Amino acid sequence: MGLYKEFLDRGMIAQATDAEAVEKLLETEKVTFYIGFDPTADSLHVGHFMQMKIMAHMQQHGHHPIAIFGGGTGMIGDPSGKSDMRKMMTPETINHNIECFKKQMSKFIDISDGKATFVNNGDWLLKLNYIDFLREIGVHFSVNRMLAAECYKSRLEKGLTFFELNYMLMQSYDFYKLYKDYGCKLQLGGADQWSNIIGGVELVRRKEGAEVYGLTFNLLTNSEGKKMGKTEKGAVWLDPEKTSPYEFFQYWRNIGDADVIKCMKLLTFMPLEEIAEYEKLTDSGINKAKEKLAYEVTKLIHGEDEAEKALSAAKAVFGAGAASENMPTTEVGKELTDGKSINIIDLMLLGKLAASKGEARRLITQGGITVGDSKVSDFDYSVGIDELKEGVVVRKGKKVFHRFIAAE
């Protein structure tokens, strides 16, 4: 099966500037392509994962990926899909985030022997002379067309700044620069990048008289159309220090039944024939598919060992309600127990199962907290030191488990 057809069969492709030409390009050439990542945090998150998986998929078929990090565009921030202007970051923060991105991505993309290229668009964007840039690049952009672009619509409602309006020109210039320096013929991105990608394709055509292409992929959304990758704690990060492998595994293990097969197609390298077998599962059998999805995605990001640990912990919890050393664990110091016990509310705050005492009380009132096999209904409930020495599992709702153990 051709790569483009596989992308189609997996439900990945949103739009292409010239579908037939892109398909032919992928089947007949070793294409240099790029995807951009603006360093808005010090870790990649689930929203980036699909783009990384696409890069790896393309690389496995012999194509050459360029990951471009937004040391320049990050100084402005992409307004696509945003109702408010992004918070401006310092150059120091941006550079730190880029280094974090590179480290994470190099575990997923093969950068040995020049098989992939990492570049920072700050290397050229920050050196531009503004007047020269306007004369050379700005003349090729119609403000009327830009304002009609989907990426600016939500910002227009609250007020689009001239500062943000420049973003499309800068991203388009990236494509032009990569075409000239690396022979890059294809830009990939999420569906929300369509307008920016078209800008780059047209700029290269006008400046160089060359045909380059754009291909966008569907965003990672659930069956209700909402973006995936958020929990009560915030984003689902790829950094194990920010989202543990167990929590990462649990996120995928607990997604909606209607989203399992779609996520298998979008986020794993599982053959479509194998996925079709999981698609036949119904009722409680769907849990087997969820477990497989969680295992495969966790293995891709955190490695097989961590995936095995997370699977073992999940089976212990979902199977017999037993504790597992592989689930998130917090040590309880002696100073917190006075050698006797610790109040359940203090324990919840310690393990970040609640953000405040008020939230902890609300969860208890609603019957959302269970210690071992016992549902907690009293604010004065305490966990004894002897229990903590053995290890105590506190469950919030149906899906969040946390183990507490007495410090040595």
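Read the figures in this text as sums done on the coordinates, not as results from a lab. Since this is a predicted model, take the numbers as computed values, not measurements. Quick reminder, even Gly has a Cβ in these numbers, built from the backbone with ideal geometry, and neighbours come from all protein chains shown.
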So who's got an amide H within less than 5 Å of the one on L186, skipping anything under 5 residues away but keeping other chains? H placed 1.01 Å off N, in plane. Y34, Y213
Going by the alpha-carbon gyration tensor, a ≥ b ≥ c the square roots of its eigenvalues, is the range 230-320 rounded (a/c under 1.5) or, if a/c is not under 1.5, prolate (a/b greater than b/c) versus oblate? prolate
Any residue on another chain or 5+ positions along whose placed amide H is under 5 Å from the amide H of V376 is listed here as I369, T370, V371
What is the total of Lys pairs in the range 329-406 with C-alpha atoms under 15 Å apart, excluding same-chain pairs fewer than 8 positions apart? 8
For the range 329-406, share of DSSP beta bridges that run antiparallel, in % to the nearest 5: 75 percent
Long-range HN-HN contacts of T221 with modeled amide H, under 5 Å: M228
Vicinal HN-Hα couplings computed from phi for the range 379-393 (Karplus, 6.51 cos²θ - 1.76 cosθ + 1.60; Hz; Gly/Pro x): 5, 8, 4, 10, 10, x, 5, 5, 5, 5, 5, 7, x, 10, 9
As a percent rounded to 5, the proportion of antiparallel DSSP bridges among beta bridges in the chain is 50 percent
Under 19 Å Cα to Cα from K107, which aspartates and glutamates show up? Leave out anything in the same chain fewer than 8 places away. D38, D42, E99, D239, E241, E296, E304, D305, E306, E308
If F162, F379 are placed from fewest to most neighbouring beta carbons inside 10 Å, the sequence is F162, F379
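Give the order of L26, L8 when sorted by the count of other beta carbons within 10 angstrom, beginning with the fewest.
Listing L26, L8 from fewest to most nearby Cβ atoms yields L8, L26.
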Neighbour counts of other C-beta atoms within 10 Å: give me L266, L160 arranged from fewest to most. L160, L266
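Can you classify the range 3-217 as rounded, prolate or oblate using the Cα gyration tensor, where a ≥ b ≥ c are the square roots of its eigenvalues, rounded means a/c under 1.5, and otherwise it's prolate if a/b beats b/c and oblate if not? Write down the numbers at each step before the final one.
On the way: a/c = 1.44, a/b = 1.22, b/c = 1.18.
The shape class here is rounded.
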